[in-house]
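Chemist: The structure that follows is given in the form of structure tokens.
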Amino acid sequence: MKSTTSYDNTNAPFYASCEYLSNKAGRVVKLALCVLLSCVLIQSYCQEQGTKGHGNADTIALPKPHATKSKMNFSKVQGWENGRKPTAPNGFTVEQFAGGLQNPRTTYVTPNGDILVVESNTPHSFLEKIGAAIIGANKSNSMKKSADRITLLRDTNGDGTPDVRQIFLEGLNLPFGVLVLKDWLYVANTDALWRFPYRSGDLKITGKGEKLVDLPAGKNNQHWTRNIIANKDGSKIYIAVGSGSNAAEDGFEEELLKASILEVNPDGTGMRTYASGLRNPVGMGWAPGTNTLWTVVNERDLLGDDLVPDYLTSVKEGGFYGWPYSYFGTNRDERVKDDRPASALKETVVPDVGLGSHTASLGLTFVDNSKFPSKYREGAIIAQHGSWNRSTLSGYKVMFVPFRNGKPSGPPEDFITGFMADITKDKVYGRPVGVTLLPEGKGFLITDDVNNVIWKVGTHENRVVKR
């Protein structure tokens with residue numbers, strides 16, 4: 001399943017770095033630095049520590065573009081030492097669930113309760129690693145080779161910690177989303193949706209995979225993750241595909257079927273665009289008690305500290321959300337040549353909830369859990385990987401958006417914190433990526449890809465039993 005496609009442009013920070021440097025250096029220096037940094041790949045977009053861009057989108061007052069200068073500002077990951085761990089509100093516990101992984105990005109709970117861990121990372125060439133060291137990105141992101149595999153974790157004795165670890169499937173191509181439907185395991189590689197024969201309780205995939213449909217990737221594949229989710233009856237699969245660039249600077253022809261959520265039948269037929277204009281949708285989920293799909297979206301860079309807020313939004317069938325022509329509704333991005341009719345821009349959907357600018361809001365899961373403290377029994381949990389394009393770090397935490405009757409009922413609030421070490425020195429302990437709800441009210445999992453660990457957040461009655 002490995003592709004020969006060249007991924008020399010797979011992450012936002014490098015492209016942004018070259019554009020940023022072009023405003024700071026002479027032509028010769030600019031060219032030399034951009035060649036040296038060639039395609040440094042870092043997966044971050046970040047939220048801020050409680051400033052602008054949070055809350056109901058209709059009430060957010062956005063600053064003008066370039067009200068502040070865009071700045072590369074990479075965090076310095078310290079790791080979790082001396083028993084340190086994230087912090088949870090009263091009524092919750094946080095314990096390490098698993099460690100020693102290799103860039104754990106997402107997790108998935110199978111019907112029999114196994115945990116599948118997707119391990120993947122942006123590919124880095126030798127020159128890219130040198131470039132990352134020059135701009136400090138190597139302290140914020142892993143430079144290790146992508147494992148391109150799925151690991152299975154199983155708890156056989158019910159003590160809350162996995163005692164079986166098994167490579168479940170390998171030889172993938174930048175996998176991210178996984179899904180079990182009936183007798184099939186679906187895997188979203190960056191360039192294709194695959195399925196494999198699966199029986200509940202399998203410790204390893206042994207059957208031959210079937211490629212169902214190609215997904216847009218190619219040379220300009222800045223946002224390479226492909227997440228997947230099925231509807232309630234399993235009749236449709238939705239695929240989140242990010243844009244190939246920051247703001248279509250590589251040309252619109254490079255963005256075909258990108259910046260969209262695609263819909264496809266489980267057998268790979270009937271693929272169509274379900275919603276578009278979503279710069280980089282990653283986490284997806286169904287609001288409890290409804291048939292409404294929601295997603296978290298990473299918005300564009302290089303417009304200043306407080307532009308553009310990442311957001312949580314309901315996904316309307318056929319809806320257009322602005323990218324690349326406008327942001328947060330009909331706010332025009334003057335860097336993009338507008339070849340869309342004015343009437344189309346007027347129909348741009350305004351997102352529901354702002355999550356702060358440059359937060360890299362990635363993971364999303366919905367809670368409908370009577371065992372949680374009352375404040376957190378209904379709502380969306382969102383993991384924020386953390387900023388690189390903001391003078392003061394933002395994100396690096398897990399947020400909670402309260403819901404009532406299937407709709408947001410309050411502004412986002414800090415939920416699982418303690419990832420930030422020293423904001424004045426750009427130091428953080430870790431970077432959350434994925435969030436996955438556990439069955440039977442047992443809490444949820446948080447992946448930390450830079451530190452190769454998974455945290456379990458539960459209530460006191462479901463506390464992890466240490467050995």
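Quick note: the coordinates plus some simple rules give every number you see, no bench work behind them. Not measured: the values here are computed from a predicted model. Glycine also receives a Cβ, built like all others from the backbone with ideal geometry; neighbour counts cover every protein chain displayed.
Chemist: Kirkwood Rh, the stretch 315-431, all Cα pairs: how many Å?
Modeler: Details: mean 1/r = 0.0610 Å⁻¹.
About 16.4 Å, per the Kirkwood formula over Cα pairs.
Chemist: Sticking with this structure for a sec: What relative contact order, as a whole-number percentage, does the chain give when Cα pairs under 8 Å and 6 or more residues apart are counted? Walk me through the intermediate numbers first.
Modeler: On the way: 1337 pairs, mean separation 97.5, N = 467.
Once normalised by length, the contact order is 21 percent.
Chemist: Round to the nearest 0.05 the FRET efficiency obtained for ILE130 and ASP422 when R0 = 25 Å and r is the Cβ-Cβ distance. Kindly include the intermediate steps, with their values, before the conclusion.
Modeler: Numbers: r = 27 Å, r/R0 = 1.08.
E between ILE130 and ASP422, to the nearest 0.05, is 0.40.
Chemist: Relative to the longest principal axis of the chain, what angle (0 to 90°, nearest 10) does the C-alpha long axis of helix 27-37 take?
Modeler: For helix 27-37, the angle is close to 10 degrees.
Chemist: Follow-up question, since we're still on this one. Hey, with R₀ at 35 Å, roughly what FRET efficiency would ARG377 and LEU257 work out to, going by the Cβ-Cβ distance, to 0.05?
Modeler: Efficiency, rounded to the nearest 0.05: 0.40.
Chemist: While we're looking at this one, here's another question. Could you give the Stokes-Einstein D for the stretch 224-271 in µm² per second, using the C-alpha Kirkwood radius, 25 °C, 0.890 mPa s? Walk me through the intermediate numbers first.
Modeler: Values: Rh = 11.7 Å.
Here the translational diffusion coefficient equals 209 µm²/s.
Chemist: Highest mean first, what order results for 123-132, 378-387, 82-91 on Cβ atoms within 10 Å? Show your work: numbers first, answer last.
Modeler: On the way: 123-132: 18.9, 378-387: 28.1, 82-91: 12.9.
Going by the mean number of other Cβ atoms within 10 Å, highest first, we get 378-387, 123-132, 82-91.
Chemist: With axes computed from alpha carbons, what is the tilt in degrees of helix 126-135 against the longest principal axis of the chain, rounded to the nearest 10 within 0 to 90?
Modeler: 70
Chemist: Taking Cα atoms of the stretch 400-462, Rg/Rh with Kirkwood Rh, to two decimals? Working shown, then result.
Modeler: Numbers: Rg = 14.2 Å, Rh = 13.7 Å.
Rg divided by Rh gives 1.04.
Chemist: Ok, one more. With only Lys, Arg, Asp and Glu charged, each at its Cβ (+1 for the first two, -1 for the last two), find how big the charge dipole of the chain is about the Cα centre; round to the nearest 20 debye. Intermediate results must be reported in sequence, preceding the final value.
Modeler: Numbers: 54 positive and 49 negative charges, 161 e Å.
I would put it at about 780 debye.
Chemist: Which of the peptides 415-421, 369-375 is most tightly packed, and how do the rest follow, going by the mean number of other Cβ atoms within 10 Å of each residue? Show your work: numbers first, answer last.
Modeler: Details: 415-421: 20.3, 369-375: 13.9.
Descending mean neighbour count gives 415-421, 369-375.
Chemist: Can you tell me the 0 to 90 degree angle between the C-alpha axis of helix 12-22 and the longest principal axis of the chain, rounded to 10?
Modeler: Taking Cα atoms only, the helix is inclined about 20 degrees.
Chemist: Next question. With +1 on the Cβ of every Lys and Arg and -1 on the Cβ of every Asp and Glu, and nothing else charged, how large is the dipole of the stretch 336-467 about its Cα centre, in debye rounded to the nearest 20? All intermediate terms of the calculation are to be shown ahead of the outcome.
Modeler: Details: 18 positive and 14 negative charges, 78 e Å.
That gives a dipole near 380 debye.
Chemist: I've got another one for you. Using 0.36 nm per residue, how much length does the chain from THR292 to GLU249 gain when fully extended, once their Cα-Cα distance is taken away? Each step should come with its number before you reach the end.
Modeler: Numbers: separation 43, 0.36 × 43 = 15.48 nm, distance 3.24 nm.
Full extension from THR292 to GLU249 adds 12.2 nm.
Chemist: Further, regarding this structure: Name the lysines eligible as straight-distance cross-link partners of LYS407: C-alpha to C-alpha under 26 Å, and not fewer than 8 places from it in the same chain.
Modeler: LYS52, LYS232, LYS236, LYS316, LYS346, LYS371, LYS375, LYS397, LYS442
Chemist: Something else: Can you compute the modelled spin-label distance between THR330 and ALA342, with each label point 7 Å from Cα toward Cβ, in nm?
Modeler: Each label point is offset 7 Å from its Cα along the Cβ direction, giving 0.9 nm.
Chemist: Evaluated at 20 °C with a viscosity of 1.002 mPa s, what Stokes-Einstein diffusion coefficient in µm²/s does the chain have when Rh comes from the Kirkwood expression over alpha-carbon pairs? Kindly include the intermediate steps, with their values, before the conclusion.
Modeler: Values: Rh = 22.0 Å.
Calculated translational D: 98 µm²/s.
Chemist: When the chain is fully extended, how far beyond the present Cα-Cα distance does THR59 get from THR156, taking 0.36 nm per residue of separation? Write down the numbers at each step before the final one.
Modeler: Values: separation 97, 0.36 × 97 = 34.92 nm, distance 4.92 nm.
Once the chain is fully extended between THR59 and THR156, it gains 30.0 nm.
Chemist: Between ASN112 and LYS144, what is 0.36 nm times their sequence separation minus the Cα-Cα distance? Round to one decimal in nm.
Modeler: Working: separation 32, 0.36 × 32 = 11.52 nm, distance 3.19 nm.
Contour length minus the Cα-Cα distance gives 8.3 nm.
Chemist: Highest mean first, how do 105-112, 445-452 rank when packing is the count of other Cβ atoms within 10 Å averaged over residues? Walk me through the intermediate numbers first.
Modeler: On the way: 105-112: 19.5, 445-452: 25.1.
Order by mean packing, descending: 445-452, 105-112.
Chemist: Now, a different point. Quick one: what does P(r) look like for the stretch 225-370 with 5 Å bins over all Cα pairs, in whole %?
Modeler: Once binned at 5 Å, the Cα pair distances of the stretch 225-370 give 2, 10, 20, 24, 20, 13, 7, 3, 1, 0.
Chemist: Hey, another quick one. Find the eigenvalues of the gyration tensor of the Cα atoms of the stretch 54-166, then list the square roots of 5 times those eigenvalues as equivalent ellipsoid semi-axes, largest first, in whole angstrom. Please list the in-between numbers first.
Modeler: Details: eigenvalues 217, 114, 50 Å².
Semi-axes, largest first: 33, 24, 16 Å.
Chemist: Using modelled amide H (1.01 Å from N, peptide plane; none on Pro or chain starts), what sits under 5 Å from the amide H of GLY434, excluding residues fewer than 5 places away?
Modeler: THR447
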